[in-house]
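Take a look at the structure set out below.
The values are calculated or read from the model by the stated rules, or taken from the named source; none is laboratory data. Since we're looking at a predicted model, the values are computed, not measured. Positions of Cβ are backbone-derived with ideal geometry, glycine not excepted, and every protein chain shown enters the neighbour counts. Heavy atoms of the whole protein, side chains included, go into the accessibility calculation; ligands, DNA and RNA do not. Shrake-Rupley method; radii C 1.70, N 1.55, O 1.52, S 1.80 Å.
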Amino acid sequence: MTLSSSNLTTWLPELIYRNHAFQPGHALVCDDTTSVASIIPANEVENAVRLHDRALLPGLINAHSHAFQRVIRGRTESRTANTTDSFWTWREMMYSAANRLTPEDIYDAARMAFLEMALSGITAVGEFHYLHYGADGRPYNDPNLLAKEVVRAAQDVGLRIALLRVAYARSGYETAPNPQQNRFIEKDPETYLRNFEQLSKDLGRTNNSAHVTAWVGIAPHSVRAVPLDYLRQVIQFAAERQLPVHMHLAEQQAEVSACIKEYGRSPVALLATEGLLSERFTGVHAIHVTPKAIAMLSDARAMVCACPTTERNLGDGIVPVDNFFKQGVRVALGTDSHAEIDLLEDARELEYHLRLQKLERAVLGSTEDSGMSAIAARLFASATVSGAESIDAPGGTLEPGRPADFFTVDLNDPSIAGASEDDLLSSIVFGLSKTAVKDVVVGGKRIVADGRHAQQEEIIERFKKLQKKLWG
Ligand SMILES: [Zn+2]
C-alpha cells in the first residue's frame, strides 16, 4: 500500500459505484481517520493503490445473522421423521447444536461465519445474539461472555458489528418451558436491561461515527418469546437512547395465530397499536403480513429485514417486497441461518421469489424507472444503504466523511466478464460469483487482498476441528 506524504491512501480502480452508476476515471482518497476524504479524477492522483480491472463498490451490510448457526450448515437437510419437516423441527436440531457450544467454540464458529462474510464483500454485520448462559441455564461470571466472544470474532476478522442483544423470556403463549432454551432466557426486563447496559458500557458504544467498530442494539426475540409488558419496557429503553430495535416478525403462520389468540391482534397490529414501531425498528422476515400490516409498518417508517436464502431453506414463505416497496418501506437483507453466505444471492432472491410466485418478470421494476439497472440498483441499495440504516452502521455509501468500507470485483471474472458500464450492476446483482470479490476494505484497512484473508487458513483449521468435535 502506498502512502503519500500527507498520510492519505488513494485507491484507483477502473470503476467506482456511486450515485447509482459506475464512474470510470476516479480515485477514492481515504484519510488517516479511516474515512473517505474525497473522490477525485484519476488524473489528479499521484500515488495510488492501483486496482486494475476492478470495480469498487460500497461494502455490503448483513443486517441479520446468527453466527453460531454456521455449524449446522448441511446437517439439517434430510427428513427427520415421518411427519412433515418444518421450521419447528429444524429449530430443535439447531438448539441441540447450540447447547453443545463452549464460549471458545462460539468464537471459532463466529469467526468462520465472519470470514465467509468478509470474503463475499460484507463489511458490517448485525448479529442477533441470543446465547447468553451456560447450557444448564447458569450465567457465566460475565453475563455477556458469549456476546463478547462474538464481537471479538468480528473484530479479529475485521468486520464492524452491531451486537443486537436478544431478550427472550418464554417459550411462547401457553407453552411449557423448553429446556433447550435455557441459554437464552432472561425472565424479566430488569435482568435483561442490566446486562444490556453492562455490555454497552464494556463495548464503549459511542455515537454513530465513522470509527465505531462494535455497538449494540435491542432485540426482543419475537412476540412469541417476549410478553407485552416486557416488550414495552425494552422498547421504551431503546427509545430513550435512540437505539436500533430488531425483532423477528411474522416468520411463521403459527406465530401469527398464537399472537391473535393471546392479544386478538396480529404481531404487526399489536406493535402498531401499542406504539412500539418507529423508524429505528426493523421487523425481521415480515412474511405473513396483510396489506393493512404493511401500511402500519409504512406509517411508522419502520424497516423490514428479509433473509430469502434462509427463508427458502426453512420453507418460511415469500417476503412481499413488491408491496413493501410500493408503500415506501425500506428493506434490508440478512444471511440469518447461514445456510449459505452470499448477500447478493439474498438480494436477487427478493426478485426471483416474486417471479416464481407471480409467473412474471421484473416484478420490482416500475415504469417510472429509467436505465437497465433500476431493479439491480434497488436490490443493491437493500444490501447496502438500507442495511446500514437498519443496524445503525456508519457505512452504506461512499461519500466524504463516510467510512472507507468497500469491496472490489474482478471485471475479468467469468461471472461478470463482458458487462458494459450500464449493465455491470445488473450483472453483479444477478450473476456475480463470490470468487469475483478481490479486495475488502474496512475503515481503510484491507482485510481481504486478492480474494484471501490473512487469517484464512487458521480460521478454517480451527473450524474444521470444531466440526469434528461436534459431529465426529
Ligand atoms: Zn433470525
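Would you check if there is a residue in segment 255-268 being within 16 Å of the ligand (Cβ to nearest atom) and over 28 Å from residue 174 (Cα atoms)?
Looking through segment 255-268, none of the residues is within 16 Å of the ligand (Cβ to nearest atom) and over 28 Å from residue 174 (Cα atoms).
Restricting to segment 60-89, name every residue that is of a type in the set (A, V, I, L, M, F, W, C) and touching a helix residue (DSSP H, G or I) at 6+ places or on another chain (Cβ under 6 Å).
Once the filter is applied, which keeps residues that are of a type in the set (A, V, I, L, M, F, W, C) and touching a helix residue (DSSP H, G or I) at 6+ places or on another chain (Cβ under 6 Å), segment 60-89 yields 60, 61, 63, 67, 68, 71, 72, 87.
Within segment 38-60, track down each residue that is closer than 18 Å to residue 396 by Cβ and either outside any strand (DSSP E or B) or within 16 Å of the ligand (Cβ to nearest atom) (or both).
Result: 59, single match.
Taking segment 14-37, which residues are open to solvent by 30 Å² or more (accessible area, probe 1.4 Å) and either in contact with a helix residue (DSSP H, G or I) (Cβ under 8 Å, 6 or more places away or on another chain) or part of a strand (DSSP E or B) (or both)?
14, 18, 20, 21, 23, 24, 25, 26, 37
Can you name the residue in segment 322-340 that is open to solvent by 20 Å² or more (accessible area, probe 1.4 Å) and in a loop (DSSP other than H, G, I, E, B) and, of all such residues, is nearest to the ligand (Cβ to nearest atom)? Show your work before the answer.
Going through segment 322-340, the residues open to solvent by 20 Å² or more (accessible area, probe 1.4 Å) turn out to be 323, 325-328, 330, 339-340.
Narrowing further to those that are in a loop (DSSP other than H, G, I, E, B): 327-328, 330, 339-340.
Details: 327: 23, 328: 24, 330: 19, 339: 12, 340: 15 Å.
Ranking the candidates gives 339 first.
Suppose we keep only residues that are in contact with a strand residue (DSSP E or B) (Cβ under 6 Å, 6 or more places away or on another chain) and open to solvent by 40 Å² or more (accessible area, probe 1.4 Å) within segment 412-437. Which one would you say is nearest to residue 383 (Cα to Cα)?
Ranking the qualifying residues of segment 412-437, first place goes to 421.
Test residue 242 against the stated conditions and say whether it is of a type outside the set (Gly, Ala, Ser) and at positive phi.
So residue 242 fits the description; yes.
Take the conditions among the hydroxyl-bearing types (Ser, Thr, Tyr), modelled with pLDDT under 95 and away from the ligand (no atom under 16 Å from the Cβ) and apply them to residue 367. Does it pass?
Numbers: among the hydroxyl-bearing types (Ser, Thr, Tyr): yes; modelled with pLDDT under 95: yes; away from the ligand (no atom under 16 Å from the Cβ): yes.
Judged against the criteria, residue 367 is a match.
Since residue 96 meets every condition but one in (1) buried (at least 22 other Cβ atoms within 10 Å of the Cβ); (2) in a helix (DSSP H, G or I), which condition does it not meet?
For residue 96, the exception is condition (1).
In segment 284-304, which residues are within 16 Å of the ligand (Cβ to nearest atom) and outside any loop (DSSP other than H, G, I, E, B)?
284, 285, 303, 304
Kindly indicate whether any position in segment 195-217 is more than 15 Å from residue 163 (Cβ to Cβ), in contact (Cβ under 8 Å) with a residue 40 or more places away in the chain, touching a Phe, Trp or Tyr at 6+ places or on another chain (Cβ under 6 Å) and open to solvent by 20 Å² or more (accessible area, probe 1.4 Å).
No - not one qualifying residue is present in segment 195-217.
Contact list please: Cβ distance under 7 Å, first residue in segment 101-122 and of a type in the set (Asp, Glu), second residue part of a helix (DSSP H, G or I), pairs at least six apart or on different chains.
105/466; 108/462; 108/463; 108/466
Only one of (1) open to solvent by 60 Å² or more (accessible area, probe 1.4 Å); (2) at pLDDT below 95; (3) acidic (Asp, Glu) is not met by residue 240, so which one is it?
(2)
Against the definition (at pLDDT 95 or above, open to solvent by less than 30 Å² (accessible area, probe 1.4 Å), within 28 Å of residue 91 (Cβ to Cβ) and within 16 Å of the ligand (Cβ to nearest atom)), how does residue 343 come out, yes or no?
Yes: the conditions hold for residue 343.
Within segment 305-321, track down each residue that is out of contact with any Gly (no Cβ under 7 Å at 6 or more places or on another chain) and within 11 Å of the ligand (Cβ to nearest atom).
310, 314, 316
Which of the residues spanning segment 33-46 are out of contact with any Cys (no Cβ under 8 Å at 6 or more places or on another chain) and under 21 Å from residue 448 (Cα atoms)?
33, 34, 35
Mind listing just one residue for me: the one in segment 141-180 that is assigned to a helix (DSSP H, G or I) and over 23 Å from the mean Cα position of the chain (by Cα) and, of those, modelled with the highest pLDDT?
Restricting to residues being assigned to a helix (DSSP H, G or I) and over 23 Å from the mean Cα position of the chain (by Cα), the top hit is 180.
Is it the case that residue 376 is in contact (Cβ under 8 Å) with a residue 12 or more places away in the chain and buried (at least 18 other Cβ atoms within 10 Å of the Cβ)?
Yes, satisfied.
Right, residue 443: without any contact (Cβ under 8 Å) to a residue 12 or more places away in the chain and at positive phi or not?
Against the criterion (without any contact (Cβ under 8 Å) to a residue 12 or more places away in the chain and at positive phi), residue 443 does not qualify.
Please tell me if residue 366 is in contact (Cβ under 8 Å) with a residue 12 or more places away in the chain and either of a type outside the set (Val, Ile, Thr) or exposed (fewer than 13 other Cβ atoms within 10 Å of the Cβ) (or both).
It is false that residue 366 is in contact (Cβ under 8 Å) with a residue 12 or more places away in the chain and either of a type outside the set (Val, Ile, Thr) or exposed (fewer than 13 other Cβ atoms within 10 Å of the Cβ) (or both).
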